[in-house]
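Everything on this sheet refers to the single structure shown next.
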Amino acid sequence: MTKSPVLPPELTQKSHDFMARMRRENERYYEGTGKNRSAFVLTFGCQQNEADSERLAGMCEEMGYKICSEPESADLIVVNTCAIREHAEQKALSIVGQYKHLKAKNPALIICVCGCMVTQEHRCEDIKHRYPYVDFVFGTASLHRFPELLVEKLERGKRIFHPTEEEYLVAEGLPVRRESTYRAWVSIMYGCNNFCSYCIVPYVRGRERSRRPEDVKAEVRELVEQGYRDITLLGQNVNSYGKDSGGGYDFADLLRELDAIEGDFTLRFMTSHPKDASNKLIDVMAASRHIAHQFHLPMQSGSDTILHAMNRHYDTKRYLSIVQYMREKMPDVTLTSDIIVGFPGESEQDFEDTLSMLQTVRFDMLYSFIYSPRKGTPAEELEQVDPKIKSERFERLLALQGQIAFEKNQAFVGQTLRVLCDGVSKNNSALYSGRTEGNKIAFFEGAPADTGKFVFVRIDRADAFAFYGTKQQ
Ligand code: SAH
Ligand code: SF4
Ligand code: F3S
């Protein structure tokens, strides 16, 4: 028997009790002032953090706060941080720095910082000493304790610094306030066991723990019933779903069961680690009704020497064999990847090997990053590549990928694609935008009623980043 990673029900109940207590306090405030207290939640980082923030906002609402879209009008500010690269941390610290003025104007304002950055002891200490107006801090394992820490802060007045818990567990049954009414995130597992030598995630998210299949299925079924059209399953390495639970039920099994749910919806998932991407998984996708033929398979580097130094446990040959199998089973698959440029020790030849893998695989889209040393990870200790060389390589990578993406997108011109419409485009208010099955952006002339619906768009033109087309009636 494996130990269940689920938070004991009495602790979830405790969280709900604190929410109820805070709600009564906020109701009293409303009776006294005629005003609702409001909360502002700001998120940095990946979809996992977005999903956590939807829980944080859900808890705020449950506690009687109205969610607002500006920090200036908030009584409670929650900053959910990321630690993946130096830049992400600096952005969060700079925003927290700006809140000093808000606190000076309104001393009753409560400021809380949580998430991956402050799960690191040294960042938690930074906040404690350099940002004295931050009221409380908690790490990723303590999401369910947010209401308790808030109440404690308000009742006792003392600042609280709580970077981690003894154990990282899965909290079921926390309220959620979803950003969208038609796209949803569903975390299926938390944490990571892989310790890629550059990466901070295993240190700030704990070991892998999978949610129970019945909990995931119930959540997806409910979303479909509520009319959600696009559901993304989340995990740092979804391919190792279930391994911590024992019993042999794996990610492909979960996908097959989710695919059996009736309704008009698309299922996606991220992220897959190439070391565990199985043929069984690809077979399930190819035979499915709802799973998008879209695969995000981070390659990180096209050099076997660097992949080894990154502790990735696959080589380029293995990577290519997965791609080949995938394209054999799903010729229409959209393939995207992550690349790190300038990992310690990356030679010109290693980098050229990456460029040549790009030419061989021809990804539809790449998320590329300049390597950023992370405190406490093995790669931080290695000899670093000159920053100028890193940026020069980064530019070369972008140029090549731009050309490949442009060419790949031309193949869609003339085709009619199903697009989930997101409403008026944020970048071009004359057009509507949406996402194709392959998760590519399409712009077209739409109507308000299209938002949140599937529409068919004939692609008239494409560049490296998007499609431009005409909606079909
Ligand atoms: N679990 C996912 C990745 C999560 S982090 C996976 O294994 O694919 C998202 C991406 O950030 C990684 O794929 C990697 O390309 C990049 N990344 C992680 N650590 C980084 C670092 N220290 N510097 C630059 N990029 C990094
Ligand atoms: Fe980081 Fe590697 Fe885990 Fe992804 S698999 S989160 S890159 S350690
Ligand atoms: Fe950042 Fe944490 Fe995600 S470090 S990328 S928010 S898991």
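The values are calculated or read from the model by the stated rules, or taken from the named source; none is laboratory data. Treat the numbers as computed from the prediction; the structure is a model and nothing was measured. FYI the Cβ positions are ideal-geometry reconstructions off the backbone, even for glycines, and counts take in every protein chain you see. Just the protein is used for accessible areas: all its heavy atoms, side chains included, with ligands, DNA and RNA removed. Shrake-Rupley method; radii C 1.70, N 1.55, O 1.52, S 1.80 Å.
Which condition does Tyr228 not pass, out of (1) part of a strand (DSSP E or B); (2) aromatic (Phe, Trp, Tyr); (3) more than 16 Å from ligand 1 (Cβ to nearest atom), if it passes all the others?
(1)
Under 6 Å between Cβ atoms, at least 6 apart or on separate chains: pull out the pairs that start in region 182-207 with a residue that is near ligand 3 (Cβ under 10 Å from one of its atoms) and end on any residue that is aliphatic (A, V, I, L, M).
Filtered contacts from region 182-207: Cys192/Val201; Ile200/Ala83; Val204/Ala83.
Going through Ala449, Ala399, Ala379 one at a time, which residue ends up being in a helix (DSSP H, G or I), outside the structural domain of Ile231 (by TED's automatic domain parsing) and modelled with pLDDT of 95 or more?
Ala449
Those residues that are touching an Asp or Glu at 6+ places or on another chain (Cβ under 7 Å) and either among the polar types (S, T, N, Q) or at positive phi (or both), I need them from region 368-408; list them, please.
Result: Ser372, single match.
On the given criteria, is Glu407 within 16 Å of ligand 1 (Cβ to nearest atom) and either charged (D, E, K, R) or not assigned by TED's automatic domain parsing to the domain that holds Asp332 (or both)?
no
Please name all residue pairs, on different chains or six or more residues apart, with Cβ atoms under 6 Å, provided the first residue is in region 334-351 and is in contact (Cβ under 8 Å) with a residue 40 or more places away in the chain and the second residue is assigned to a helix (DSSP H, G or I) and within 16 Å of ligand 3 (Cβ to nearest atom).
Listed by first residue and then by second, the contacts come to Pro344/Ala379.
Here's the yes/no breakdown for (1) over 16 Å from Glu148 (Cα atoms); (2) without any contact (Cβ under 8 Å) to a residue 24 or more places away in the chain; (3) within 16 Å of ligand 3 (Cβ to nearest atom):
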| residue | (1), (2), (3) |
| --- | --- |
| Arg21 | no, no, no |
| Asn26 | no, no, no |
| Asn49 | yes, no, yes |
| Glu61 | no, no, no |
| Tyr65 | no, no, no |
| Cys68 | yes, no, no |
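Could you tell me how many of the residues in region 382-396 are over 26 Å from the mean Cα position of the chain (by Cα) and not in a loop (DSSP other than H, G, I, E, B)?
Residues that pass the stated criteria total 6.
Restricting attention to region 45-66, and to residues there that are hydrophobic (A, V, I, L, M, F, W, C) and within 16 Å of ligand 2 (Cβ to nearest atom), which single residue is most open to solvent (accessible area, probe 1.4 Å)?
Per the stated criteria, the residue is Cys46.
Does region 233-240 contain at least one residue that is open to solvent by less than 10 Å² (accessible area, probe 1.4 Å) and assigned to a loop (DSSP other than H, G, I, E, B)?
yes
Here's the yes/no breakdown for (1) closer than 22 Å to Val170 by Cβ; (2) part of a helix (DSSP H, G or I); (3) in contact with a Gly (Cβ under 7 Å, 6 or more places away or on another chain):
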position	(1), (2), (3)
Leu56	yes, yes, no
Glu89	no, yes, no
Ile95	no, yes, no
His101	no, yes, no
Pro107	no, no, no
Pro132	no, no, no
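From the list Gln401, Gln359, exactly one residue is within 16 Å of Asp463 (Cβ to Cβ) and not aromatic (Phe, Trp, Tyr). Which is it?
It is Gln401.
Out of curiosity, is Asp364 within 16 Å of ligand 3 (Cβ to nearest atom), in the same structural domain as Ala252 (by TED's automatic domain parsing) and closer than 19 Å to Phe269 by Cα?
No: the conditions fail for Asp364.
Which of the residues belonging to region 419-461 are surrounded by 20 or more Cβ atoms within 10 Å (Cβ to Cβ), over 17 Å from Asp264 (Cα atoms) and of a type in the set (Ser, Thr, Tyr)?
Matches in region 419-461: Tyr432, Ser433.
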